[in-house]
Amino acid sequence: MLTRKIKLWDINAHITCRLCNGYLIDATTVTECLHTFCRSCLVKYLEENNTCPTCRIVIHQSHPLQYIGHDRTMQDIVYKLVPGLQEAEMKKQREFYHKLGMEVPGDIKGETCSAKQHLDTHRNGENKADENTNKETSEEKQEEDNDYHRSDEQVSICLECNSSKLRGLKRKWIRCSAQATVLHLKKFIAKKLNLSSFNELDILCNEEILGKDHTLKFVVVTRWRFKKAPLLLHYRPKMDLL
């Protein structure tokens, strides 16, 4: 079988961000045109613009952040193609949390340990795992599957109703994984209020409507700015202009 070697240089244009010219980190794609950028670069750009940085198509006149989404497939491709990139990014994130005096989230610890074990195994030529190792791995995986994200970084949230057309929640204080998204919160509120569809809701932070694909960690970092108080979010009917 013929194989063709492709240099990383030849595909750099497809795995780099047009805004920072670096390799994609937390790859985020514009749903309107499918152009991809680093999430932090794109969010910063969209604070003052409503068009795609590449093709200039209008993403949305007033809420462009609602029409971008995390591209996990692209990010996995970038990490697999660029040696050491994921490990370097995890190291930067750990240093960032240490600098703020905060505990390193469980997901970052987990990814770092997995990456280190993979590198050590590859360097030592241990490509064949013994029966005991397979058994331990299976048990660890089963524990992870039953963890229900309890080992993730947690976020405390206060959910307040911002409209007279909806009632408030009996229990407005919740605590959940930082990897949960705004969409998860919409479904949670809709179920508690017996709404016919979660699409009837908008969730806001600092009076700004949040995109459904935003993770709570992203909201805390970019909208709440790591305030010590619990994350305060408001909900209202989607068409409510109050």
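The values are calculated or read from the model by the stated rules, or taken from the named source; none is laboratory data. Source: prediction; values computed, not measured. Please note that ligands, DNA and RNA were not included when accessible areas were found on the heavy atoms of the full protein model with its side chains. Shrake-Rupley method; radii C 1.70, N 1.55, O 1.52, S 1.80 Å.
Report the accessible area of S164, computed with a 1.4 Å probe over the heavy atoms of all protein chains in place, in Å² rounded to the nearest 10.
110
Compute the Rg/Rh shape ratio of segment 154-237: radius of gyration over Kirkwood radius, all on alpha-carbon atoms.
0.92
Students sometimes get this wrong: rank W9, W224 by accessible area, probe 1.4 Å, all chains present, largest first.
Most to least solvent-accessible, the answer reads W9, W224.
Among K99/K191; K172/K217; K170/K238; K44/K238, which pairs are too far apart, with a Cα-Cα distance over 30 Å?
Flagged as over cut-off: K99/K191.
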